[in-house]
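Okay, structure first, notes after.
Coordinate-derived values only; no laboratory data. None of the values given here were measured: they were computed from a predicted structure. Don't worry about glycine lacking a Cβ; one is built from the backbone with ideal geometry, like all the others, and counts go over all protein chains shown.
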Amino acid sequence: MKETKAKILIVEDEKKISAVLRKGLEEEKYSVDDAFDGEKGEQLALKNKYDLIILDIMLPKKDGIQILSAIRSSNIEVPVLMLTAKGTVEDRVKGLDTGADDYLVKPFAITELLARVRSLLRRKKDAEKSATTLTIADLTLDLVARKVIRGGKVIDLTSKEFSLLEYFIRNKNKTLNRSTITEHIWNYNFDTGTNIIDVYINHLRTKIDGGFTVKLLHTIRGVGYVLKDQ
Ligand code: CA
């Protein structure tokens, strides 16, 4: 399966450092957003979904600790790598106490930063893999109880629909074509003329999206389907 590369936010007011970070991360094919002050950084961090945030502590308008506590109090579990100035042990402790996952002291080598990034992303992935619940927007799928809840309402799914939804959530925001879905859920290829996939997906869609304003399951005409929350 093709991996989508991680999306990373850099919040750093020193333009030179930010540019070095961006270049290094983009060379590793990560997709990068940047913010040069605390307000903008917080806005992006709360609005978009990132796989990782690199957060400087000393920032104009709002400092990194304030941003971090806003992220954590919004229940956003994104890994955060803090950048701190040399000699500020207090900042580091405060950062870790507020919910940072790791920190680097300036000046640092870009290779070290990239290694930390890889390790944090790996940890995030492992945690996701061992999770017993998967969520998208207000929908939760409980893999142990085999239960689906959306907006507080229990949704009854057949076992095939459940597998289908699990596969979609594990690949959320990614467009999946019919043959990939078929291979995954049925382990063999239907001949291409069949519309059984569409029938299953329509049933699933009615169950998970029916009566909800925000639709999660979308048809991408001529391509396939995507379950998305953005
Ligand atoms: Ca700074």
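Once Rh is set to the Kirkwood radius over Cα pairs, what Stokes-Einstein translational diffusion coefficient, in µm²/s, holds for the chain at a temperature of 20 °C and a viscosity of 1.002 mPa s? Stokes-Einstein gives a translational diffusion coefficient of 109 µm²/s.
Scale the Cα Rg of the range 1-136 by the rule-of-thumb value 2.2 N^0.38 Å and send over the ratio, two decimals. All intermediate terms of the calculation are to be shown ahead of the outcome.
Numbers: Rg = 14.2 Å, N = 136, 2.2 N^0.38 = 14.2 Å.
Its radius of gyration relative to the 2.2 N^0.38 Å reference: 1.00.
Structural descriptor for the chain: relative contact order 12 percent, calculated from alpha carbon pairs under 8 angstrom and at least 6 residues apart. Diffusion of the range 133-227 by Stokes-Einstein, at 37 °C in a medium of 0.692 mPa s and with Rh set to the Kirkwood radius over alpha-carbon pairs, works out to 242 µm²/s.
Kirkwood Rh over alpha-carbon pairs of the range 37-87, then Stokes-Einstein at 37 °C and 0.692 mPa s: what D in µm² s⁻¹, rounded to an integer? For the chosen part, D equals 301 µm²/s.
At full extension, Ile149 and Arg118 could sit 7.9 nm farther apart than now, given 0.36 nm per residue minus the alpha carbon distance.
Screening the chain for whole DSSP H helices of 15 Å or more along their axis (Cα) with average Kyte-Doolittle hydropathy at least -1.0 returns 15-27, 110-130, 159-170, 196-209. The label-point distance for Ile185 and Thr132, in a model that sets each label 7 Å from Cα toward Cβ, rounds to 2.6 nm.
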